[in-house]
1. Across the residues of A:87-94, average count of Cβ atoms on other protein chains within 10 Å?
2. What does the charge count around B:LEU58 come to, taking other residues whose C-beta lies under 11 Å from its C-beta (Lys +1, Arg +1, Asp -1, Glu -1)?
3. At 1.4 Å probe size, what's the solvent-accessible area of A:LYS11? Round to the nearest 10 Å².
4. In segment A:9-47, which GluC sites (Glu not before Pro) fall in coil by DSSP and have 15 or fewer other Cβ atoms within 10 Å?
5. Grab the other residues whose beta carbon is less than 12 angstrom from that of B:LEU8, score K and R as +1, D and E as -1, and report the net.
6. With the calculation restricted to Cα positions, what are the radius of gyration and Dmax of segment A:5-73 in angstrom?
7. Taking Cα centroids, how far is segment A:17-52 from segment B:4-53 in Å?
8. Once you've got the Cα coordinates, tell me which of A:LYS15/B:LYS15; A:LYS11/A:LYS104; A:LYS91/B:LYS11; A:LYS11/B:LYS15 are over 32 Å apart.
Number of protein chains: 2
Amino acid sequence: MTLPIGELARKTGVKVPTIRFYEQIGLVTAPPRTEGNQRRYGQEDVERLSFIRHARELGFEVDDIRELLAMSAEPQASCHSADSIARNHLKEIERRIASLTALKGELTRMIEECGHGRICDCRIIEALADHSQCSGEHKH
Amino acid sequence: MTLPIGELARKTGVKVPTIRFYEQIGLVTAPPRTEGNQRRYGQEDVERLSFIRHARELGFEVDDIRELLAMSAEPQASCHSADSIARNHLKEIERRIASLTALKGELTRMIEECGHGRICDCRIIEALADHSQCSGEHKH
DNA sequence: TCTTGAGCCTCTAGTGGCTAGAGGTTGTAG
DNA sequence: CTACAACCTCTAGCCACTAGAGGCTCAAGA
């Protein structure tokens, strides 16, 4: 069961140029080629690439994914880092949800007041500028 | 109360070169300068920039932020002619909250199922591989 | 008043994670 | 055996920064 790159793309939802790009940066290994120099992939590649796509959709960075892939290759090792990568991610996502909810409230209020013909004293900026003072660490 | 760029950076959590970059692309207006050509900012700039940082963290693109800023500057206009802009943003925000909530659920499940033991029992990696077959349409 | 050095200035180039396009080659269906 | 979709490599572009070189400013201390 060997697939050309286009088939792999179709099966995984990762675009052809992106697959080549992933090969270039070493996220996927270079597959064997035909006589005519075309890539041919196997089932493993479908799985690996699906994994990558899914992780990317969840917002993991390429370096995180590299780590996760390395871990999955060594099943004896402890899963502590996988766990902490995921936990960090979760925290970030929770923070985002909270902020978006605040912004949503503010926009909703504005739209409603506009509908009632009131003066729109807009507080969009305050709604989001609020957290400004909780400065501190901002990685990546 | 006039601040040099470094102070503004400290107060807002936006890095100095990023502030200059924002000025360059017209996201913030060029502030007055000292005799010696150094930027001096006021309190408004702190708020505006905090807002920008926050909005960026929420994943809004620079062009979206430009619109949001314009809305907040002219609330009258948004009442009468541009409240569709607000509505569009609201829709976008709701979509985002929904998808982040889904991610959160998925990550939470992954983390819970990870027994904190060995990779071979850890479900994080499997969870990421799972959706592999649900190919199909993937927007943007 | 003068000096020192942290902080400011501009400019160019590099980063991540793709995406687009030019220009040429291969593989397979008819 | 031919047509043509799909493949190949290579370069350049995108967004939103980030880093570094090389030089100038400003305020606090001697």
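The values are calculated or read from the model by the stated rules, or taken from the named source; none is laboratory data. Every value quoted in this text rests on a predicted model; they were computed, and no experiment measured them. Every residue, glycine as well, gets a Cβ built from its backbone with ideal geometry; the counts of neighbours run over all protein chains shown. Just so you know, the surface numbers come from the protein's heavy atoms only, side chains and all, with ligands and any DNA or RNA stripped out. Shrake-Rupley method; radii C 1.70, N 1.55, O 1.52, S 1.80 Å.
1. That works out to 4 on average.
2. For residues surrounding B:LEU58, the net value is +2.
3. 70 Å²
4. When the GluC sites (Glu not before Pro) of segment A:9-47 are filtered for loop state and at most 15 Cβ neighbours within 10 Å, A:GLU35 remain.
5. That works out to +3.
6. For segment A:5-73, the Cα radius of gyration and maximum Cα-Cα distance read 11.8, 38 Å.
7. 45 Å
8. A:LYS15/B:LYS15; A:LYS11/A:LYS104; A:LYS11/B:LYS15, as the Cα separations exceed 32 Å there.
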